[in-house]
Amino acid sequence: MTYETLIPVIRKLALQAGDKIMEIYDAEDFDVKVKSDDSPVTEADEAADAIISAGLRAAFPDMMLVTEEQAESHAARGDTFLIVDPLDGTKEFIHRRGDFTVNIALVENGVPTRGVVYAPAKGRMFYTLADGQSVEETGALDKEAPGALTPIRVSTPDNGALMVVASKSHRDQATDDYINKYKVRDMTSAGSSLKFCLVATGEADLYPRVGRTMEWDTAAGHAVLAGAGGQVVRFDDHAPLTYGKDGFANPFFIAHAPGVDLKSA
């Protein structure tokens, strides 16, 4: 596998999964189940996962694959792998709020290096090119031929007032307490991995996450942010957030433009 072969595959699979998700989203009703950890899962999660997993296994049969919807994949061990969240923001999907995404990433030696984040209800698609630069694609989002690509870049805050993005579904007092350590110009909320992308495009400067996430929730957004010049660090010691951890569970973290003077936890 090379980056040149990877990027067209994950871009196309994200678009195909997005079409299936929107087909279910636009229906009058859809099935919702509850997983063993009490999180919801819909038929859209499962249908998108089937499309992406089959496509990745066909294209890259020798690559380790971890996907949220296949529990057996969570027993895999390694620091280089493909990782998928076929529908991040299931609660946003269920409540028809539109802030949900398709996420596919490559992790190499514990670092997300390439990825795609597609928000089908919003028509926004972000991904890394083969050279590692992150772009937003606009236009028809044709599966066979990319449209106009705009390189994206994090903001350059001067340690003045920051634009902060926080979770729609998981906002809590601990998050607010941390945000209050900063001079804040304005705040916005977003669901799913879109928060990483808002930092990547410079629409926000800081995204703190004081709550449970898994590596499949964050890897693609992390890759897009890194390709735009941003960073994702642990909340406790500001060390880089790494992947391939036991159980693929993340600690609390902070995604940010490099110009932000991070406050201690």
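So here's what we get for this one:
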read-out	value
Pick from the range 79-109, criterion surrounded by fewer than 18 Cβ atoms within 10 Å (Cβ to Cβ) and either of a type in the set (Lys, Arg) or at pLDDT below 95 (or both), ranking: nearest to Ala121 (Cα to Cα)	Gly98
Residues of the range 146-173 satisfying the condition of being hydrophobic (A, V, I, L, M, F, W, C), modelled with pLDDT of 90 or more and farther than 30 Å from Pro8 by Cβ	Ala161, Leu162, Met163, Val164
Selection within the range 111-126 - hydrophobic (A, V, I, L, M, F, W, C) and closer than 16 Å to Thr218 by Cβ	Val111, Val116, Val117, Ala119, Phe126
Looking only at the range 191-214, and only at residues there that are of a type in the set (A, V, I, L, M, F, W, C) and under 11 Å from Leu225 (Cβ atoms), the one that is surrounded by the most Cβ atoms within 10 Å (Cβ to Cβ)	Phe196
Any hit, the range 13-35, residues being exposed (fewer than 14 other Cβ atoms within 10 Å of the Cβ), in the same structural domain as Glu137 (by TED's automatic domain parsing) and under 21 Å from Glu215 (Cβ atoms)	yes
Residues satisfying the stated conditions in the range 129-166, i.e. touching a helix residue (DSSP H, G or I) at 6+ places or on another chain (Cβ under 7 Å) and hydroxyl-bearing (Ser, Thr, Tyr)	Ser134
Residue check for Ala166: touching a Ser or Thr at 6+ places or on another chain (Cβ under 7 Å) and more than 24 Å from Ser73 (Cα to Cα)	yes
Pick from the range 124-142, criterion on the phi > 0 side of the Ramachandran plot and at pLDDT 95 or above, ranking: surrounded by the most Cβ atoms within 10 Å (Cβ to Cβ)	Leu141
Within the range 65-91, tally of residues that are charged (D, E, K, R) and either under 20 Å from Arg11 (Cα atoms) or without any contact (Cβ under 8 Å) to a residue 60 or more places away in the chain (or both)	5
Filter result for Ala166 (in contact (Cβ under 8 Å) with a residue 40 or more places away in the chain, in the same structural domain as His238 (by TED's automatic domain parsing) and either under 22 Å from the mean Cα position of the chain (by Cα) or part of a strand (DSSP E or B) (or both))	yes
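Residue-by-condition table, conditions (1) outside the structural domain of Gly132 (by TED's automatic domain parsing); (2) under 16 Å from the mean Cα position of the chain (by Cα); (3) closer than 21 Å to Gln16 by Cα:
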residue	(1), (2), (3)
Pro61	no, no, yes
Met64	no, no, no
Glu68	no, yes, yes
Ser73	no, no, no
Gly78	no, no, no
Leu82	no, yes, yes
Gly98	no, yes, yes
Asn103	no, yes, yes
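The values are calculated or read from the model by the stated rules, or taken from the named source; none is laboratory data. Here the structure is a predicted model, which means the values were calculated and not measured. Ideal geometry is used to build each Cβ from the backbone, glycine not excepted, and the neighbour counts take in all protein chains shown.
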